[in-house]
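In what follows, a single structure is set out as structure tokens and then discussed.
Each value in this text was obtained by applying a stated rule to the coordinates, not by laboratory testing. A quick note: this is a predicted structure, and the numbers were derived from the prediction, not measured.
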Amino acid sequence: MTGKKSIVIVSATIVFFIESCNNLTGDKTTHKANPDTLKKTDSIARLSNTNHNTAKIIIHDTLPSITIDTSKASAESIVLFAETLIGTPYKYGSADPKEGFDCSGFITYVFNHFNISVPRSSIDFTNVGSNIPLKNAKRGDLILFTGTDSTERFVGHMGIVTFNANDSLQFIHSTSGKAYGVTVTPLNDYYKGRFVKVIRI
């Protein structure tokens, strides 16, 4: 490692290790490097270290557990409504079907349709609900993934399980990938590499 090193303490729980850092860059499919987001994660987040103008960020904060009241809708009704949105385009930062959805915007819109309040950011689902073994995932469970860089093990993407039988799981999500919008995707090797956990709320 070359370049001048310095340590800047932002809060009691957040420490930036900056390597000749002029600016911070983040992958929009996970989360932007801003103080509001950084205060909410309990994982180690490393920004791309491709040159000496980037930084590594180590975060030691803990997300609170959140309880979500889903008594207003069944898992089946939530999935059926989500499936009516297939084909809606991807748009970063949006929860408006007229504009498009990012991954958590899609989840927000689906649950808000049933007057169920959920976190707006995918990373805020880290400690939500009950952890479910992948083999026991059911239609309506939420499936959490890392962002596009699977070496960064914090939650950066999510979807809703639509099918799980015979070792074949599928989920609906809004993706910035090839489909570029709301689509149903199998849990293939690519997503298995990004898999974090399944939660039931």
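Quick one: plug the Kirkwood hydrodynamic radius of region 75-200 (C-alpha pairs) into Stokes-Einstein at 37 °C, 0.692 mPa s, and report D in µm²/s.
Answer from the Stokes-Einstein relation: 231 µm²/s.
From the phi of every residue in region 157-168, what ³J(HN,Hα) in whole Hz does the Karplus formula 6.51 cos²θ - 1.76 cosθ + 1.60 yield, where θ is phi - 60° and glycine or proline is x?
7, 7, x, 10, 5, 10, 7, 7, 7, 6, 6, 10
For region 109-119, in order, what is each residue's ³J(HN,Hα) by Karplus, 6.51 cos²θ - 1.76 cosθ + 1.60 with θ = phi - 60°, in whole Hz (x at glycine and Pro)?
Coupling constants for region 109-119: 5, 4, 6, 5, 4, 9, 6, 10, 7, 9, x Hz.
From the phi angles alone, apply the Karplus equation (6.51, -1.76, 1.60; θ = phi - 60°) to region 130-146 and give each ³J(HN,Hα) in whole Hz, x where the residue is Gly or Pro.
The phi angles translate into 9, 6, 10, x, 3, 5, 9, 4, 10, 3, x, 5, 9, 10, 10, 10, 6 Hz.
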